[in-house]
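Student: Pasting in a structure now, in structure tokens, and then I'll have a few things to ask.
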Amino acid sequence: MKHIDLGISEYREAYRIQREFVDKVANGESDNILIITEHKSVITIGRKGSADHIFKTEDIEVLNIDRGGDVTYHGPGQLVAYPIFKLENEAKDIHNFLKFLEDVGINFLSRYGIAAQRNPGFRGIWVKDAKIGSIGIGVKKWVTYHGMAININPDLRPFSFIKPCGIEGVKITSLENLSNEKIDINDAKHKLKDSFEEISLLAETICKR
């Protein structure tokens, strides 16, 4: 699987790069590609989101974007994965692709000895009653963009500025909190890429190239 590491990126620039590859993948000019990045601090509101779920910003930029879901926060120390994947044949099932992303997140956390799971009724990646990963995608010409964010070592305070994912009283955690140690972000990137590759092999109809 091809992948690009954008390092710490501006949200708008990462979005531009995503859309550029969406068109290339849709037109057959590129294989599927996985973009991994950390974002500079930003609050995003998805298609089903509401600005009423933002309580304060402390000068953090707020953007309305074209992914599914509600309000979330991105910042340094959080890994964001943007799979630009063409869904073909049996893979043309958005709900199954969202489950695929949850499986990737669960697999990734298992590499650190963390038992994560789905939470019935709430999309994302959970450890007991706390949310550690958020998922929201867009699809154009059956090519996916946007994706998944997993909290590694971020400052969690900005999550208190919002109602994350529109869920009342939700707890937000991180890999650092769960493991009681600082996590090497570059090692986490490699593990996340490996999880995408492993789960893709188990779901060949999701990632065929």
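The values are calculated or read from the model by the stated rules, or taken from the named source; none is laboratory data. Small disclaimer: the values here were computed from a predicted structure and weren't measured. No Cβ is skipped: glycine too gets one built from the backbone with ideal geometry, and neighbour counts run over all protein chains shown. For the accessible areas, the whole protein counts, side chains as well, though only heavy atoms, and no ligand, DNA or RNA atoms are used. Shrake-Rupley method; radii C 1.70, N 1.55, O 1.52, S 1.80 Å.
Student: Have a look at ILE60, ILE36, ILE135 and tell me which one the Gaussian network model of the chain (Cα, springs below 10 Å) gives the largest fluctuation.
Tutor: With Cα springs under 10 Å in the chain, the top fluctuation among ILE60, ILE36, ILE135 is at ILE60.
Student: So, one more: Give the ranking of VAL170, VAL139 by solvent-accessible surface, highest area first, calculated with a 1.4 Å probe.
Tutor: On the way: VAL170 30, VAL139 60 Å².
The ranking, largest first, comes out as VAL139, VAL170.
Student: What do you get for the angle between helix 185-202 and the principal long axis of the chain? Use alpha-carbon atoms, 0 to 90 degrees, nearest ten.
Tutor: Roughly 50 degrees between the two axes.
Student: Past 32 Å, Cα to Cα: identify those pairs from LYS56/LYS92; LYS128/LYS191; LYS56/LYS86, in the order given.
Tutor: LYS56/LYS92; LYS56/LYS86
Student: How much solvent-accessible surface does LYS92 expose, in Å² to the nearest 10, with a 1.4 Å probe and all protein chains in place?
Tutor: Around 100 Å² of this residue is reachable by solvent.
Student: Determine which lysines satisfy two conditions relative to LYS189: a Cα distance under 16 Å, and not lying fewer than 8 residues away in the same chain.
Tutor: Answer for LYS189, where 16 Å is the Cα cut-off: LYS2, listed by chain and number.
Student: Which order do you get for LYS141, LYS171 if you rank them by accessible area with a 1.4 Å probe, largest at the top?
Tutor: LYS141, LYS171
Student: Moving to a separate point now. Which value, in Å² rounded to 10, gives the accessible area of MET148 with a 1.4 Å probe and all protein chains present?
Tutor: The accessible area comes out at roughly 0 Å².
Student: Counting only protein heavy atoms and using a 1.4 Å probe, what share of the accessible area of the chain belongs to carbon plus sulfur, as a whole percent?
Tutor: Values: 4530 of 9560 Å².
That fraction is 47 percent.
Student: At 1.4 Å probe size, with every protein chain present, just tell me what the per residue accessible area of the range 19-127 comes to in Å².
Tutor: 43 Å²
Student: While we're on this one: Of ILE35, ILE183, ILE162, which has the largest mean-square fluctuation in a 10 Å C-alpha GNM of the chain?
Tutor: Ranking ILE35, ILE183, ILE162 by mean-square fluctuation puts ILE183 first.
Student: A follow-up question, please. Can you spot the lysines whose alpha carbon is less than 16 Å from LYS131's alpha carbon? Ignore those fewer than 8 places along the same chain.
Tutor: Leaving aside lysines fewer than 8 places away in the same chain, those within reach of LYS131 are LYS99, LYS163, LYS171.
Student: Going through the range 39-88, which GluC sites (Glu not before Pro) have at most 14 other Cβ atoms within 10 Å and a DSSP loop state?
Tutor: Details: sites: GLU58, GLU61, GLU88; in loops: GLU58, GLU88.
Answer by residue number: GLU58, GLU88.
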